[in-house]
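Q: Following this message is one structure expressed as structure tokens.
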Amino acid sequence: MKIIQMKKINTKNILKKIFKGKTAKKVKKKVAVKKAKKIKKVVSKRIKVASKKIISKTSKLKKTTKVDEAKEEQKNANLRISKSNEVKPEIKKVKKQETEKREYKIKDYIVYPKHGVGQITEFKKINIGGIDVETYVIKFEKDKANGMVPVNKQSHLRPLATINQVNKCISILKSKPKIKRSMWSRRAQEYEAKISSGKIYELAEVVRDLNKGDDLMVDQSYSERQLFEKAYERILSEFQIVLNLSMEDTQKKLDKALKRNLGVQAQPLTTTPKSSTTELPIEEPISDTEENLDD
């Protein structure tokens, strides 16, 4: 019989082996947890960076799409054609009338370029489109008519000429006429523009250039005669008020400067009588060339 020899059991060694296995397991677990935490941090950082990039790209895409949409809308608006093929004007609402100080008083004589000499009879307020407009009421004795001019358009009116200006006009009437060699239609337009300008010197030039004097041999067309009489009557009415003379005396003075009706008693020019007074339109549109008379 074999005798099995049993080794002595050492408790210290047994305990060492047991504790060594447990500590190794704990260390392995701790290392694994640390690695997992590190991996989580790295992954979360990468996710954040990627999400920021995605957000920036999407915002850029939105901006570009908005710009593209706006451009397309502009192109479509430019391509759209209105039914009437006309651009509708912008309507601006005027709430208040531009106020100005009155330069003229009642009973003052003024010159309105389109109608000649007139007298202010009163101030009147008229409602136009819901706006109260203050106007001058002007009486034109020659035309037997009344007109209205807004106070804020009084720059279109001018006062009567001074005595010095009248004397200069007489010297213009005495000078030689300056007749151009152009066609009568063009000259007629120029004469009409000078008469409508309201400037007394230009009015005197028209009377001088169209005056034929007592030369009966010179042919004068109907349109020439009309323009001459229109300018002559306007300058005559202004001279009469400025010089404070009668109609006959002022006409004699004019005819003497023009060398007309010599040795014949002056007679007023015939005008078509009007039965009743008429109302002129309120402030007819006047071109920019109509300016006040410079002294």
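Read-outs: derived from the displayed coordinates by stated rules, not from any lab. Just so it is clear, the model here is predicted, and its values are computed rather than measured. All Cβ positions, even for glycine, are placed from backbone atoms using ideal geometry, and neighbour counts span all protein chains on display.
Q: Tally Lys and Arg at +1 and Asp and Glu at -1 over the other residues with C-beta under 13 Å from the C-beta of ILE179: what net charge comes out?
A: +4
Q: Here's another thing I want to ask about it. If neighbour count is taken as other Cβ atoms inside 10 Å, put MET183, MET148 in order from fewest to most.
A: The most exposed by this proxy come first: MET183, MET148.
Q: For a quick check: sort VAL137, VAL31 by the number of other beta carbons within 10 angstrom, fewest at the front.
A: VAL31, VAL137
Q: So what are the ³J(HN,Hα) numbers for the range 134-141, from phi and the Karplus equation (6.51, -1.76, 1.60; θ = phi - 60°), rounded to whole Hz, Gly and Pro as x?
A: Once θ is set to phi - 60°, the couplings for the range 134-141 become 8, 10, 8, 9, 10, 9, 9, 5 Hz.
Q: Based on the Cβ-Cβ distance of TYR109 and ASN164, what FRET efficiency does E = 1/(1 + (r/R0)^6) give at R0 = 30 Å, to the nearest 0.05?
A: FRET efficiency, TYR109 to ASN164: 0.95.
Q: Cα gyration tensor of the range 109-156, axes a ≥ b ≥ c as square roots of the eigenvalues: rounded (a/c below 1.5), prolate (a/b > b/c) or oblate?
A: prolate
Q: Given LYS194/LYS259; LYS144/LYS259; LYS124/LYS230; LYS230/LYS259; LYS41/LYS66; LYS124/LYS194, which pairs have Cα atoms separated by over 28 Å?
A: LYS144/LYS259; LYS124/LYS230; LYS41/LYS66; LYS124/LYS194
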